[in-house]
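Here is the structure we will look at, set down as C-alpha cells.
The values are calculated or read from the model by the stated rules, or taken from the named source; none is laboratory data. A quick note: this is a predicted structure, and the numbers were derived from the prediction, not measured. For neighbour counting, all protein chains shown are included, and Cβ atoms are generated from backbone atoms with ideal geometry for every residue, glycine included.
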Amino acid sequence: MSQQTELQEKAKELLADKTADVVIGYGIVETNIAAPVFITDAKETHRLIWNDQCTANLTVYLTRAEVKKLGKAAVVCKGCDARTIAVLIAENQLTPEDTVVIGVECNGVKQNGQMQDKCLSCDVHLPPNCNIIIRNTEQNDTPPQNSAAERYVKVERIMMLPPKERFEYWQKELSRCVKCYACRQNCPLCYCNICVADKNRPVRIDTSSTLKGNLAWNILRAFHLAGRCVGCSSCASACPANIDLDILNLCLTKAAEEKFNYRSGYDPKVLPPIGSFSPDDSENFIR
C-alpha cells in the first residue's frame, strides 16, 4: 500500500469514528500544486495526497480560531512539521489531547523542481511524537542522519566573512524586504494575537519598507524564534523577495544547540531556552 493510500485510509477511520472532526492535509485544489485542504467528511478523504510537492507546514493552522471552531483536528506532518507540535505543547498553545498527529515519513520535498535546502541536511525523516506513523514502504534504505556540521553549513559560510562584509551581506539581502509579513503569517510559531510590528502606540518598528525598518523587523523576528525555530523553511518559502531567511534562524538555532545543548521540537516537556532558566545554563556569553 502506498503512503498516499494509507494516509487516505487512516484519515477516513479518524473521521468515521469521530476521533477527529477535521483532517488538515494536502490536496490538489484548482492547480496541480499541493495545497492545504480541510476534510470534515469521511467520504472526501480520497482528496488527500502525499508526494514531494507537499511543502507547507500545516501546523500553522492549529492555532487559528477559525480552524479551532471545526473541532478536534488531525494534521498531516513531515518530520520538521511534527517538531512544531512539540514546541506548541511546551508553550501551552496546544495540549496532547488537542490534536491527532499523522506523521508521514519524508525523504525530502521540492520547490520549483528543486529539493529544498532544509531537506539536504534533514535528520528527522521519521516524524517524532506522533499518534500515527505512515512509513515509506517503497524505500529500501533509511535516509542518512546528518551531522551538526552539515546542518549549519550555510551559517558557517556567512560566519567566515569579516564582520563588515557580513553586515553588508545582510544589508543587501534585507533591503529587498517589502514588509509584507508573509514570513510571519506562514510561520506556525508566530502566533501572537498582536504582533509587535503592528503596535502603533508607540510604533516599535518602522512600518515603511526602509533598510532601517527591514533590519529591525527581520532581526527582531529571528530573536523571537531563537531556540524555537524547527527549520521548516515556511518563512523563506513564503518570501516574495526570495530572502534566505533560513540563515538568520539557523544562526540562533546553532547558538541554542552549542550553548544550551538544545534542539527544538523533540521533547514537548522541555521549554525552549528563550522561555526558561536553569542554574546549570552556561553563562560564558555574558560579558
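In table form, for the structure just shown:
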| read-out | value |
| --- | --- |
| Answer from Thr137, Thr95 - the residue that is part of a loop (DSSP other than H, G, I, E, B), exposed (fewer than 14 other Cβ atoms within 10 Å of the Cβ) and modelled with pLDDT under 85 | Thr137 |
| Residue list for region 103-129, restricted to those being acidic (Asp, Glu) and in a helix (DSSP H, G or I) | Asp117 |
| Some residue of region 130-144 being closer than 26 Å to Lys68 by Cα, within 17 Å of the chain's Cα centre (by Cα) and touching a residue at least 12 places away in the same chain (Cβ under 8 Å) | yes |
| Enumeration of residues in region 46-87 that are in a loop (DSSP other than H, G, I, E, B) and either of a type in the set (Lys, Arg) or at positive phi (or both) | Arg64, Lys69, Gly71, Lys72, Lys78 |
| Test: residue in region 238-261 that is surrounded by 15 or more Cβ atoms within 10 Å (Cβ to Cβ), among the small types (Gly, Ala, Ser), modelled with pLDDT of 90 or more and outside any loop (DSSP other than H, G, I, E, B) | yes |
| Enumeration of residues in region 156-180 that are assigned to a helix (DSSP H, G or I), under 22 Å from the mean Cα position of the chain (by Cα) and either of a type in the set (A, V, I, L, M, F, W, C) or surrounded by 12 or more Cβ atoms within 10 Å (Cβ to Cβ) (or both) | Glu173, Leu174 |
| Checklist (1) farther than 28 Å from Pro272 by Cβ; (2) in a loop (DSSP other than H, G, I, E, B) applied to Lys43, failing item | (2) |
| Residues being part of a loop (DSSP other than H, G, I, E, B), more than 20 Å from Ser175 (Cα to Cα) and either polar (S, T, N, Q) or in contact with a strand residue (DSSP E or B) (Cβ under 9 Å, 6 or more places away or on another chain) (or both) - total across region 192-224 | 1 |
| Single residue of Cys183, Cys229 found to be surrounded by 13 or more Cβ atoms within 10 Å (Cβ to Cβ), in a loop (DSSP other than H, G, I, E, B) and within 21 Å of the chain's Cα centre (by Cα) | Cys229 |
| Verdict on Pro268 being crowded, with 19+ Cβ neighbours inside 10 Å, outside the structural domain of Asp98 (by TED's automatic domain parsing) and assigned to a loop (DSSP other than H, G, I, E, B) | yes |
| Hey, Cys195 modelled with pLDDT of 95 or more, closer than 20 Å to Cys229 by Cβ and not β-branched (Val, Ile, Thr) or not | no |
| Count of residues meeting criterion [surrounded by 18 or more Cβ atoms within 10 Å (Cβ to Cβ), within 17 Å of Ile243 (Cα to Cα) and among the hydrophobic types (A, V, I, L, M, F, W, C)] in region 186-211 | 1 |
| Residue match in region 229-240 (condition: over 23 Å from Lys78 (Cα atoms) and either outside the structural domain of Asn112 (by TED's automatic domain parsing) or among the small types (Gly, Ala, Ser) (or both)) | yes |
